[in-house]
Structure formats: C-alpha cells, structure tokens
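Inspection log for the structure reproduced underneath, given as structure tokens.
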Amino acid sequence: MLKLSNPSWLYRLAPRSSSDVERLSSKEQSSSDVSRQSLESQNEADRLVNGQEWMKPRTHISKTMKWYWWCSLFCNILLLLLSGTLITQVFKNLGLNELKCTAMLSASSPALDSVEYEFIKFQGALDAENRFKGAPNDDLDQAWDEIVNMGRIRVSKSEFDKLGKPTKGSVQYPDGSFQGGLEVFHQLHCLNYLRQSTYPEYYEMEEHKPEAFHDSAKTRRLHLDHCIDMLRQAITCYGDTGIVTASWVEGREGPYPDFSTWHKCRKLEPLSRYTDMYAGPPDLKKPDDAFSLSEPPV
C-alpha cells in the first residue's frame, strides 16, 4: 500500500463545500475592505500632508468671509449716509444758521430776514482817512446823508404785535400797517448830529444849517443829550468783545493801543434796501378821529 507522508494536499485538491466557499469569500471580502480602508486612509493622510485637503475648507471660509465683509461695508456706508442725513435734518430743524441765530439773539423785527454779515477791520488809527471824517464839506455831508436813512417803513399788524408796543395811539397807515423805522438809522442820525455840533461855525451858516439846528437852544440841548444817551445804550447793549491790542512805537515810552480790530458786522446796504422797499407814505396827516396820547411814550 502507498503510504503518504502529508495528506494535506489531498485537502487542497479535494472539492470544497459551499460553506467553505462562503467562509473563504467572506474572508476575502473582509480583507478587501480592510485594504480599501487602509488605502483611503493613506490617501487622505497624503492629501493632508500635501496641504490639499485642509485648503478646501479654508477656501470656503474665505469666500464666506468676503461676503460678510462686503455686506458689512455696505451696511456701514448706508448707516453713515443715514446718520449724516439725520444730523443735517436735526440741525435744519433746529435752525442753526446765521439768520436763525440772529433772530434768537435779537429783539423781534421784520427786518431780521434781511440781515447779512461780513468781516470788517475797523480803521482805528488816529490819522486814518475816510469819507466820513474830517473837516466839514459838501462831499462829507453827502457821504453821511447816504447812510442816515431816516425813512419810515410799514410794519404789518402781526409784526407790530411782536414788538411789545400798544396799538392804541400808534401811528397807523390807511392799509392797516403801522409806522416804524430801523434803529440803526436813528443811531446814525444821532452820531451825525453830534458830529455836526462839533463844527458850529460851519453848520450855523444858513447855507449849511441842518434842520435840527433851527430848533431852540433848549431843544437842541435836549436833542444832544438824547442822542448821547441813545448811543450809550446802544454801545453797552452791543457789548463789543473785540480785543484792542497794543504795540511798542518809536518815540513813545508806553504801549500804543491798536484800535484796528476785526469785527463781524451786519451789512448796512441790505437794511437800507429794506427801508426803501417797505417805505411808508412820505407825508402823513393826523386823522381827525385818531387817538392821541397825553404825553410822549416813555
């Protein structure tokens, strides 16, 4: 009899049962899955090492951040525009402009809307020359006549009520408006009267005599004192806060004041135009039925 030393080859040659085949297939499948997973893990590791995989989410985040950045920029610009519009509207409603500020800092007057401002440097030198100073002559008188506009104006009933004046006894025109005049021209009239009074030898001459110089000596004295005090009140009311500096000047031991200071002034021309625009009748006669005060107003 043939004797085999190792019969295992018989098992390899022998046909396998279905259960054996299934077990073998299962083992091979498991081995294949493990190999595939191992390969995928290796590939993933390679991508991470090579910087490919971690770049993808960063790219996605970068795009998202860009979108947020642009959105934020747009919102901030829009908010800035809205804020600017709101602030502008608030200031507009508050009326923070020159005319509104003028009205807030002035007594009521229908002429306030005509006020315009300009910066002017005063001529403060003792020997400074201009057309309003110096010895009297026809040209100088003409210059003063141009700025002393004593014309009377019409003041509407609604504007008159804001002046704090009684309507009873006040001069009223046939159209229902009241007679008025701008203070600045009365003050200039007073200043001109003082100027003329310092040159009596010239203005006492009949050909140069102003109307006020035809009054009695007593009335003229009252007129002068009235003008002096009106100018005092106007000056102290205005309270000029301009700064008078000083300089050292050759030939003088003490400081020499510099009166040529800068001021923000109301233009006279627009106020003169306002007076002309709202001028009342030149000749007004007292009506027979007019109510008259027993004494001049105080």
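Would you please classify the overall shape of the range 227-298 from the alpha carbon gyration tensor, given that a ≥ b ≥ c denote the square roots of the eigenvalues, rounded means a/c under 1.5, and beyond that prolate means a/b larger than b/c while oblate covers the rest?
prolate
When the Kirkwood hydrodynamic radius is evaluated over all pairs of different C-alpha atoms of the range 163-294, what value in angstrom, to one decimal, is obtained?
Over the range 163-294, the inverse of the mean reciprocal pair distance is 19.3 Å.
State, to one decimal in nm, how far the label point of CYS237 lies from the label point of THR167, with both points 7 Å from Cα in the Cβ direction.
Between CYS237 and THR167, the label points sit 2.5 nm apart.
For the range 83-167, state which trypsin sites (Lys or Arg not before Pro) are in a DSSP loop and have at most 14 other beta carbons lying within 10 Å of their beta carbon.
Passing both the DSSP loop test and the Cβ count: ARG131, LYS133, LYS162.
With a cap of 14 neighbouring Cβ atoms within 10 Å, and only residues DSSP puts in a loop, list the trypsin sites (Lys or Arg not before Pro) found in the range 193-298.
Within the range 193-298, the qualifying trypsin sites (Lys or Arg not before Pro) (loop, at most 14 other Cβ atoms within 10 Å) are ARG252, LYS267, LYS285.
Once both labels are modelled 7 Å past Cα along the beta-carbon direction, what's the LYS63-SER156 spacing in nm?
6.8 nm
Given that compact globular proteins tend to follow 2.2 N^0.38 Å, what is the ratio of the alpha-carbon Rg of the range 86-213 to that value?
Details: Rg = 20.1 Å, N = 128, 2.2 N^0.38 = 13.9 Å.
For the range 86-213, the normalised Cα radius of gyration comes out at 1.45.
Values in this text are rule-based calculations from the coordinates and carry no lab data. Small disclaimer: the values here were computed from a predicted structure and weren't measured. Positions of Cβ are backbone-derived with ideal geometry, glycine not excepted, and every protein chain shown enters the neighbour counts.
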